[in-house]
Amino acid sequence: MIDFADVSFRYPTGRLVLREVMLRIPEGELCLVVGETGSGKSTLLRAVNGLVPHFTGGTLAGRVLVAGRDTRLHPPRDLADVVGFVGQDPQAGFVADVVEDELAFGMEWLGLPPDVMRRRVEETLDLLGLADVRARAMSTLSGGQQQRVAIGAALVAHPQVLVLDEPTSALDPQAAEDVLAALHRLVHDLGTTVLLAEHRLERVVQYADRVVYLPGDGHVLDGPPAQLLATSPIAPPVIELGRLAGWSPLPLSVRDARRAANGLRQKLAGRVRRRTDTRSRHGDVLARTAKLSVRYGGTVALRRLDFHVAAGEIVAVMGRNGAGKSTLLAALVGLVEPVGGTIRTGQLDPFRTDASTVIKAAGLVPQQPEDLLYADTVADECAAADADTAGSPGRCRALLDRLAPGIADDVHPRDLSEGQRLCLALAVVLTAGPPLLLLDEPTRGLDYAAKRRLTGLLRGLVATETARAVVLATHDVELVAELASRVVVLADGEVVADGPTTEAVAGSPVFAPQVAKVLAPQQWLTVTEVAEALGAAS
């Protein structure tokens, strides 16, 4: 179905991303593409529907065949009936204002009969849990809802090949599970070929028939998931736990790992966990809301919400897509107007204070990090951040190197991968040194190594004597288990749970990390905790 024959690709900047790639993906296979941030995963996917090189420019050597069509001779519009494509930024592909219209657009362009279009729209709404937002304006949807609409818009045309770049990055755990189960049915029941890149391997790997690994030197390795991930530096927690425990074969799912875990549970019985989920070390409240309400037209986003964060805390705000997480973070920096209640960020009312003053109290990195980037090169972006904050020259660049090493100064920010843009935006915000750091989906597009660097940086921020705190709006349960000291769960704009991380996630069927599920009823959350308890190197 998909055939890469000795494919190499070099961008107009001269960067060689793919090198002599030989890869064949047969019909009806779910193929998972993995690799570090910036290793070329998105380039590989874009070569399947012709965006590389027709849209990106650059030099493509070798040949990519999709259902017998050579992508050098067929631009994306000529492959639209065969390949459905969903990129990292779903907003970039939207053409309609309303959910139903967006789902129907691709079928209209292909000239399908109205009765077929109507049936497929209804099927897709039900399949992806979008029926309740069918008449909503696209601009009113949460990031996760927009991502599901983008996936639906690709699915309704019933393509032979479905290509997805980070399809679950903005989805809550239940929505991600529903989407992946739908993809699994397409592969097994309809013979659809699915090629997807995903950093959150814990969600996807058990569904994969094959893993394609990009080590970062342009080459590609592929093989069965268990075989390839056994030695890969990129692996989900369940694989890392299996390596630590010496299990063979390595489990790909929580179910398989639980069957192998009896001996490990016995070793851990009575061992002391070093984790401490403290509410605050400093005590100073850096932000507080009281009876806060926010509306978008007729939609209630926050409903009489009470929330606070104190210095020394790393607070994770969790909940399903559309629960109000992003709205809460935006309200704390004055980007949305309350219709009731009060907000204090530091001593400020952020909505009634100019942005240049608010940024000294709180800095927000939004879901779309490119909203903060406006310069033509990475070097210019870093220099502007230093100048805007009167900081020492090189401070922003040093922060970026800690988060994402190896990014060249002369690269345009828009040419970076999703994860690299996030790291750049985070470095820009951190340069100002705000006491309160707000991160909306901070691991979107980040590989496991980048997440570890981010975790270390954020821990260092709150560990200083300076009163600082971090609030994360995230669906990444593994990040929460590793980093957060407290979890606040929102539902329909209200707080439904607020407490220490272990209490909030260990027994939750939705928010529990993989290690907690494998070792339940013992309350271990991460591989690091287990390794320390066993006296092994973390």
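Throughout, read-outs are computed from the coordinates displayed, never taken from laboratory work. Since we're looking at a predicted model, the values are computed, not measured. Here the Cβ is made from the backbone with ideal geometry for all residues, glycine too, and neighbour counts use every protein chain on show.
At a glance:
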| quantity | calculated |
| --- | --- |
| Phi to ³J(HN,Hα) by Karplus 6.51 cos²θ - 1.76 cosθ + 1.60 over the range 300-309, Hz, x for Gly, Pro | 7, 8, 10, 10, 6, 8, 9, 8, 8, 9 |
| Kyte-Doolittle mean at least -1.0 and Cα axial length at least 24 Å: DSSP H helices in the chain | 173-190 |
| Percentage relative contact order, the range 216-363, counting C-alpha pairs under 8 Å, at least six apart | 17 percent |
| Rg to Rh quotient for the range 207-336, alpha carbon positions, Kirkwood Rh | 1.14 |
| Three-way shape call for the range 333-453 based on the alpha-carbon gyration tensor, with the a/c threshold at 1.5 | prolate |
| Fraction of the pair-distance distribution of the range 302-353 above 19 Å, Cα-Cα pairs, percent | 27 percent |
| Calculated on alpha-carbon atoms, Rg and Dmax of the chain in Å | 23.1, 66 |
| By average C-beta atoms within 10 angstrom, highest first, the peptides 149-158, 112-121 | 149-158, 112-121 |
| Out-of-range pairs (alpha-carbon distance over 26 Å; input Lys41/Lys325; Lys267/Lys451; Lys41/Lys451; Lys291/Lys517; Lys451/Lys517; Lys325/Lys451) | Lys41/Lys325; Lys267/Lys451; Lys291/Lys517 |
| Gain upon complete extension [Ala463, Arg352; 0.36 nm per residue less C-alpha separation] | 36.8 nm |
| Exposed chymotrypsin sites (Phe, Trp or Tyr not before Pro) absent: longest stretch of the chain, with sites in DSSP loops and at most 12 other Cβ within 10 Å deemed exposed | 56-373 |
| For the chain, calculated [θ]222 nm from helices alone, where every DSSP H run of n ≥ 4 adds -39500 (n - 2.57) | -10000 deg cm²/dmol |
| Fraction of antiparallel bridges per DSSP, the chain only, in percent to nearest 5 | 55 percent |
| Computed lengthening from Met22 to Thr56, 0.36 nm per intervening residue step minus Cα-Cα distance | 10.1 nm |
| Under 5 Å, built H, 5+ apart or other chain: amide partners of Val98 | Met138 |
| Linear extension gain, Arg77 paired with Ala398, 0.36 nm per residue minus alpha-carbon span | 111.3 nm |
| Rh by Kirkwood over Cα pairs, then Stokes-Einstein D for the range 401-517 at 1.567 mPa s and 4 °C, µm²/s | 83 µm²/s |
| Pairwise label distance in nanometres, Ala131 with Leu65, each label 7 Å out on the Cα-Cβ vector | 4.4 nm |
